1. Given H placed on each backbone N at 1.01 Å, which residues far from residue 151 in sequence or on other chains put an amide H within less than 5 Å of it?
2. Carbon and sulfur together cover what percent of the accessible area of the range 1-146 at a 1.4 Å probe radius?
3. Might you report the magnitude of the Cβ-based charge dipole of the chain about its Cα centre, with Lys and Arg at +1 and Asp and Glu at -1, to the nearest 20 debye?
4. How long are the semi-axes of the ellipsoid equivalent to the range 58-112, from square roots of 5 times the Cα gyration tensor eigenvalues, in whole Å, largest first?
5. Given a cut-off of under 8 Å on Cα pairs at least six residues apart, what relative contact order in percent is computed for the range 85-201?
6. What ranking do 166-173, 63-70 get when scored by the average of other Cβ atoms within 10 Å per residue, highest first?
7. When the helices in the chain are scored as -39500 (n - 2.57) per DSSP H run of 4 or longer and the sum is shared across all residues, what 222 nm value do you end up with, to the nearest 500 deg cm²/dmol?
8. When only C-alpha pairs under 8 Å and at least 6 residues apart count, what is the relative contact order of the chain, in percent?
Amino acid sequence: MPRIRAENIEAHKLKTRREILEATHDLLEEIGSADISLGEVAHEAGIGRTTLYEYFRDKDDLIASLVEEELPGVIDELIAALDGAEGTERLIELAKSTVHFVVSDPVMGLILHRELPRLSSEAQERIRAAHSELAMDMVGAYRVSIERGELRAMAPDIAGRFIQDTIMSAARILIAAESPEDRYPEVATELERFLLGGLGR
């Protein structure tokens, strides 16, 4: 039986799970892609590979769990920082903050903006659910913009896809940049111009 490294078994399991997720985060940051193996994660976490399977089914489950653990709190902070902005201002700030996420948290940015299509459909759905609050806030901001006459109305599925794809493209530019922080102001400015140009009345 493995040595318990906490006050009880439940605390030990929580500690081990957290260490596995931290090891995954560190490896993703080091490698810059999701091309990691469970063996590498187990080694980084200081556990056996069989122990890792007690917590996660496979790599996709592991990555989706990492997002579920970390992303909701980040989104709460992002939305709270908008300080009452509404309508078009809120939509643009949400878009720019989502893109800046690549700079402030490159691992989550990498998963959300580049690696997501490579994951299983189940993992993709879990990750989408983890940031659904952000998507809903953007939808709400867009609707307010339309009601105020600031932006023109489009079919929701078209507007949603265009906005999402524009944000994803901007984020991928930063992921590929040698210095994402230095490139961000330019990308954010052009993102705002592009969205306002496409959605404006």
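The values are calculated or read from the model by the stated rules, or taken from the named source; none is laboratory data. On a predicted model such as this, the values are computed, not experimentally measured, just so you know. As a convention, Cβ positions derive from the backbone with ideal geometry for all residues, glycine included, and neighbour counts pool all protein chains shown. The area values use the complete protein model at the heavy-atom level, side chains included, leaving out ligands, DNA and RNA. Shrake-Rupley method; radii C 1.70, N 1.55, O 1.52, S 1.80 Å.
1. 146
2. Working: 3660 of 7300 Å².
Answer for the range 1-146 is 50 percent, counting heavy atoms of protein chains only.
3. Values: 23 positive and 39 negative charges, 100 e Å.
Taking the Cα centre of the chain as origin, the dipole is about 480 debye.
4. Numbers: eigenvalues 126, 26, 14 Å².
Semi-axes (√(5λ), whole Å): 25, 11, 8.
5. Values: 91 pairs, mean separation 48.4, N = 117.
Result for the range 85-201 is 41 percent.
6. Details: 166-173: 19.1, 63-70: 20.6.
In descending order of packing, they fall as 63-70, 166-173.
7. Numbers: 10 runs with 147 residues, N = 201.
Theoretical 222 nm ellipticity from helices: -24000 deg cm²/dmol.
8. Values: 170 pairs, mean separation 43.9, N = 201.
Relative contact order for the chain comes out at 22 percent.
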